[in-house]
Amino acid sequence: MSSLVRFGVSINKGLLVQFDKIIGEKGYSNRSEAIRDLIRNQMVELAWEKDEEEVAGTVTLIYDHHVRGLSELLLEVQHSFHDLILSTMHLHLDHHNCLEVLAVKGAAREVRRIAERLISAKGVKHGRLSITTTGKNLG
Ligand code: NI
């Protein structure tokens, strides 16, 4: 376990007032936890920029399963990248629309690639890659 270090930060008063307002609205009880989260977010985003870094995330897709060939295509892509997919969840939102969520883990470059392939498929109404971390290198 890493030791705790205190440090001082010089900041423009107006900026600090805005920061306190924002973190209060988000529910942070103190500045320290908010600043720690900002630092962690920055580290996670930097990890995703390194192609070989192992990352984790979720791919969310909304699509109409009636679009011809789409379900088969999405399934085919997922089988091509089966080693990256930890789990999938498929929900039938209504008669037409499906919500599919894939939990993924692997090299950042590969995870981005499968997300792009799925999201760009014709008939996918909306898709989003949510990036996070395996947590291994984050204090
Ligand atoms: Ni469905």
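Structure notes:
- Inside the range 1-32, residues that are more than 30 Å from Asn137 (Cβ to Cβ) and polar (S, T, N, Q) make up a count of 2.
- Enumeration of residues in the range 90-108 that are within 11 Å of the ligand (Cβ to nearest atom) and either in a helix (DSSP H, G or I) or of a type outside the set (D, E, K, R) (or both): His90, Leu91, His92, Leu93, His95, His96, Asn97, Cys98, Leu99
- Residue match in the range 8-18 (condition: farther than 27 Å from Ala121 by Cβ, open to solvent by less than 70 Å² (accessible area, probe 1.4 Å), free of Cβ contacts under 8 Å to residues at least 24 places away in the same chain and not in a loop (DSSP other than H, G, I, E, B)): yes
- Selection of first residues in the range 87-108 that are within 26 Å of Trp48 (Cβ to Cβ) and of second residues that are near the ligand (Cβ under 10 Å from one of its atoms) and assigned to a loop (DSSP other than H, G, I, E, B), restricted to Cβ pairs under 6 Å at least 6 apart or on distinct chains, gives the following pairs, ordered by first then second residue: Leu99/Leu93.
- Residue list for the range 62-85, restricted to those being closer than 18 Å to Val104 by Cβ, in a strand (DSSP E or B) and either basic (Lys, Arg) or within 14 Å of the ligand (Cβ to nearest atom) (or both): Ile62, Tyr63
- Criterion: open to solvent by less than 30 Å² (accessible area, probe 1.4 Å), at pLDDT 95 or above and among the acidic types (Asp, Glu) - qualifying residue of Asp83, Asp64, Asp94: Asp64
- The range 28-37, residues that are open to solvent by 100 Å² or more (accessible area, probe 1.4 Å) and assigned to a helix (DSSP H, G or I): Arg31
- Residue satisfying condition, being surrounded by fewer than 17 Cβ atoms within 10 Å (Cβ to Cβ) and either under 29 Å from Ser3 (Cβ atoms) or in contact with a helix residue (DSSP H, G or I) (Cβ under 6 Å, 6 or more places away or on another chain) (or both), within set Glu54, Glu116: Glu54
- Test: Val111 is crowded, with 17+ Cβ neighbours inside 10 Å and not in a helix (DSSP H, G or I): no
The values are calculated or read from the model by the stated rules, or taken from the named source; none is laboratory data. Every value quoted in this text rests on a predicted model; they were computed, and no experiment measured them. Every residue, glycine among them, receives a Cβ derived from its backbone with ideal geometry; neighbour counts consider all protein chains shown. Side chains are part of the model used for accessible areas, which takes the heavy atoms of the whole protein and leaves out ligands, DNA and RNA. Shrake-Rupley method; radii C 1.70, N 1.55, O 1.52, S 1.80 Å.
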